[in-house]
Amino acid sequence: MRVFIADNDSEVVDYLKQIVKDLGDNTVGCTDSKNFTEILLREVFDLVILDWNIRASNDMSMLEWMNKTLVTRPPVIMMANRSAKRDITDALNAGADDYITKPESRNVIAARLNALLRGNAAGGAFDTEVTYGAYKMNRLEQSVTIHEETVILTAKEFELAEMFFKNTDRTLSRHYIMQTIWRTTATLATRTLDMHISRVRAKLALRPENGFRIFTVFGCGYRLESAQ
C-alpha cells in the first residue's frame, strides 16, 4: 500500500510517515500545495492524509481539486487542529472519508489508517465480473472477454490488466507497479516488467479501435489511455 501525506509541518509529515511505516506500508510526503498537485497527477496512491492547512488560504480547496481532477480518487483522511462539529461535517460532506483532530495519539491514528487501508483493499462485496468498455473481466477465472472472444491470462497478467483499467488515463510509475503487482520495492528487471506489459497489450489487443491503448511514459512508467 502507498500513502501520500500532505501537511505544512515537516515534523508532522515525519511523524505520520513513521506510523505508516510501522504498519508495513510505503509513504510519500510533501509540505506545500504545489508539490501536492504535481505528485498526485504523476503518482497513484491507496490513501491520502491531507492537512486542512496545506494551503495558506486555510480551506478544503485541495480536497475539492482532487474530486474534480483525479479520475480515480483514493480515500482521504482530513487532519486539522479544528474540532468544531461544523468543520468536521464540512470536510465529510466535501468527500473526506475520515477526519482526525490534532493532536491525536499514535495508536488512534494507526487504527484509523489501518481501517481505511484494509477496508479499501477489500473493496466491499466481491464482484465476480467487472466491465471496462468492451472488456469484461472475470476475476474467478482470471479471464477477459472482448468481442465474444475469451482470453485466459496468468495471475500477474490479470493483476496488471485490472490495475491499468482501474487507473485509466493515469500514468503508473514502475515503482508503483512493482509494489502493487510484485509486492516488493526491490528493483525489478526492466525486461521482466516490459515483457509482462507487452503480453497484456498483445493478448487483450489494447488498440484504439478497441477503446484503449497502453503506452510507455519515458522516464516514468506506463499509461492506459481511453480512446473512446
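The values are calculated or read from the model by the stated rules, or taken from the named source; none is laboratory data. Here the structure is a predicted model, which means the values were calculated and not measured. FYI the Cβ positions are ideal-geometry reconstructions off the backbone, even for glycines, and counts take in every protein chain you see. These area figures cover heavy atoms from the full protein model, side chains too; ligands, DNA and RNA do not enter into them. Shrake-Rupley method; radii C 1.70, N 1.55, O 1.52, S 1.80 Å.
Remark: the Ser198-Lys34 segment gains 55.6 nm on full extension, using 0.36 nm per residue and subtracting the alpha carbon distance.
Within the chain, the longest run free of exposed loop sites, counting GluC sites (Glu not before Pro) that sit outside DSSP helix and strand states (H, G, I, E, B) and have at most 14 other Cβ atoms within 10 Å, spans 1-103. Exposure here means at most 15 other Cβ atoms within 10 Å; with trypsin sites (Lys or Arg not before Pro) in a DSSP loop as sites, the longest stretch of the chain lacking them is 1-138.
Taking the Cα atoms of the chain, the ratio Rg/Rh between the radius of gyration and the Kirkwood radius comes to 1.00. State whether the stretch 1-112 is rounded, prolate or oblate according to the following rule on the C-alpha gyration tensor (a ≥ b ≥ c being the square roots of its eigenvalues): a/c under 1.5 gives rounded; otherwise a/b larger than b/c gives prolate, and the remaining case gives oblate. Here the stretch 1-112 falls in the rounded category. As a fraction of the 1.4 Å probe accessible area of the chain, surface on carbon and sulfur atoms comes out at 48 percent. Between Arg118 and Leu92, the FRET efficiency estimated from the beta carbon spacing at R0 = 25 angstrom works out to 0.75. Taking chymotrypsin sites (Phe, Trp or Tyr not before Pro) as exposed when their DSSP state is a loop state and no more than 12 other Cβ atoms lie within 10 Å, the longest site-free interval of the chain runs over 1-125. In this structure the chain gives 51 Å² per residue of accessible area when probed at 1.4 Å with all protein chains present. Put Cys30, Cys220 in order of accessible area, highest first, and with a 1.4 Å probe you get Cys220, Cys30.
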